[in-house]
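For reference, the structure discussed in these notes is given below.
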Amino acid sequence: MLFSSITFLYFFLPLTLLLYGVVPKQVKNLILFVMSCIFYAWGEPVYLFLMLIQIVIVYGLTLIMEKKRETKTGKVMYVLAVLIPFASLFFFKYFSFLLGEVLGVIGSSVKTLVVDLPLIGKTDLLKITLPIGISFYTFQLVSYVVDVWRRECVAQRSVLKLATYITMFPQLIAGPIVRYRGMDKELDAREVSSKDYTDGIVRFVIGLGKKVLIANVLGEIVQELADISGNSIVLAWMYAIAVTLQIYFDFSGYSDMAIGLGAMFGFSFPENFNYPLISGSLTEFWRRWHMSLGSWFRDYVYIPLGGNRTSTVKWIRNILVVWMLTGVWHGAGWNFIVWGLFFGVMLLIEKFIAMGILAVKERGAVAGDKTAMHFAGHGVKYCLRHIYVIVAIVFSFLIFNGANLSEGWQDINNLWSAPVRTDELSLFMLRNRAGILFVGAVGATPLPKYLWEKAVQGLGKGASMLLIRLIQLVFTAILLLLCTAYLIDGSFNPFLYFRF
């Protein structure tokens, strides 16, 4: 079941909110858990049991681990509680890919290999179905175990509360990655004010609009241009920009919907996107893009490896390991690995350049030489940095979006090798598709939010807060109606997370 579906919007969500609102506080977690299980089982009933079994196992192992922390038994429980979720993730997400690579090397045919697996039945090894959301709930299970081991939180005594945290449908299949230590108190007691509820509705509908009215429309353009982007350099760049904007609005739209839904149920989910496409460096980009994933790798991989408080060689190793794992987390394929390592190498280059510039500035300051401070005006420097960042992001997402590495490289190659011409097809696509590309480009900046805030400030001088809220809700209702009309009228509603 997708957030951006009529079934969810007009049947599942209203029923869940109604049941959640009328039951006593003591039963709210149970209602949320049951409805989350129904939500997940709607598309994958078999894999619901896989997730629930892992939750029960981790619940029991963590309780034993906490009680016998100083003993060998406690350490064994810790290792098992971390290893079991990762083993499940490895099997379903990476086993087929690695097996295919090994068999490819030794020249064996995978077509004759058939396996009888209890969860997926009899199928080709290279067609093991990926459970939806397994990458997200695996990271949440592991972070829970590690935080308890580090004494940053106490092991949950109620299996229902732990299961509610893991299975909670707003963030189950598309994030953000929510830490247990940020939700443990809310699982015990939470209140939803009328402001929180209405803010949650507004945030959800804004995310829905980003997904349905922008990402889906951009997805249609991507499909249109996929086979013809090599016909001209205009089409190649239109395709690249459409791919980049579609990925951004799809991912950030789902995060907005999840945060809004969380607020409706009394939970504060972390922000996941902060206008990453306005960044002046790739380092800044990754402080703004998929922030919950970046912080997870920082706290559970980068810092335990030593972070930057080690030798230069080990620091380089730490960054490359983190970014290779970031790529692998997104998918089993060489294009994802290359995508992750691309960012790792680029971030290292940025850091070394930044250190070199700092050293030059320090020497210039000592000598009284201000040449380094006068390289160019701040506006020019920002524009140059921003162009570099956008080009790098576009290249990276063409790799990311490709079905394989060769397809991604071909899309990048088209950006400079496609014929430099403006034929009838290119002009037609420009006339009919430039509008949505412009809307996407503007919508990826803080400008719409800034204009709204300025309008509110203007209204605030002569209008009550109630009137402002009423105007906001009217706009929200109109946006919801537009999304509904699109979903009823069209059948194109892709879900990028099925790949991850």
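The values are calculated or read from the model by the stated rules, or taken from the named source; none is laboratory data. What you see is a predicted model; the values in this text were computed from it and never measured. All Cβ positions, even for glycine, are placed from backbone atoms using ideal geometry, and neighbour counts span all protein chains on display. Heavy atoms of the whole protein, side chains included, go into the accessibility calculation; ligands, DNA and RNA do not. Shrake-Rupley method; radii C 1.70, N 1.55, O 1.52, S 1.80 Å.
Scan region 272-293 for residues that are outside any loop (DSSP other than H, G, I, E, B), under 26 Å from Glu220 (Cβ atoms) and open to solvent by 10 Å² or more (accessible area, probe 1.4 Å) and jot them down.
Within region 272-293, Leu277, Ile278 qualify.
Pairs needed: first member in region 328-353, within 27 Å of Ile128 (Cβ to Cβ); second member anywhere, among the hydroxyl-bearing types (Ser, Thr, Tyr) and open to solvent by 60 Å² or more (accessible area, probe 1.4 Å); C-beta distance under 9 Å; at least 6 residues apart or different chains.
Cβ pairs passing all conditions: Asn335/Ser406.
How many residues are crowded, with 19+ Cβ neighbours inside 10 Å and part of a helix (DSSP H, G or I) if we restrict to region 147-160?
So the answer is 3.
Would you say Phe269 is aromatic (Phe, Trp, Tyr), under 18 Å from the mean Cα position of the chain (by Cα) and assigned to a helix (DSSP H, G or I)?
So Phe269 fails the test.
Being in contact with a helix residue (DSSP H, G or I) (Cβ under 7 Å, 6 or more places away or on another chain) and aliphatic (A, V, I, L, M) is the requirement here; does Val313 meet it?
no
So, in region 11-39, exactly how many residues are free of Cβ contacts under 8 Å to residues at least 40 places away in the same chain and either among the aromatic types (Phe, Trp, Tyr) or not in a helix (DSSP H, G or I) (or both)?
Qualifying residue count, region 11-39: 4.
Considering Val222, Val202, Val243, Val192, which residue is open to solvent by 10 Å² or more (accessible area, probe 1.4 Å) and closer than 13 Å to Gly440 by Cβ?
Val222
Only one of these is more than 24 Å from the chain's Cα centre (by Cα), open to solvent by 60 Å² or more (accessible area, probe 1.4 Å), under 20 Å from Gly262 (Cα atoms) and not aromatic (Phe, Trp, Tyr): Val23, Val34. Name it.
Val34
Would you be able to say whether some residue in region 213-223 is charged (D, E, K, R) and in contact (Cβ under 8 Å) with a residue 24 or more places away in the chain?
Yes: one or more hits.
Consider only pairs whose beta carbons are under 7 Å apart and that are at least six residues apart or on different chains; among these, list those whose first residue lies in region 159-175 and is in contact (Cβ under 8 Å) with a residue 12 or more places away in the chain and closer than 15 Å to Tyr144 by Cβ and whose second residue is in a loop (DSSP other than H, G, I, E, B) and open to solvent by 10 Å² or more (accessible area, probe 1.4 Å).
Leu162/Gln156; Gln171/Phe269
What residue, among those in region 379-432 that are in a helix (DSSP H, G or I), over 23 Å from Trp334 (Cβ atoms) and among the charged types (D, E, K, R), is nearest to the chain's Cα centre (by Cα)?
It comes out as Arg385.
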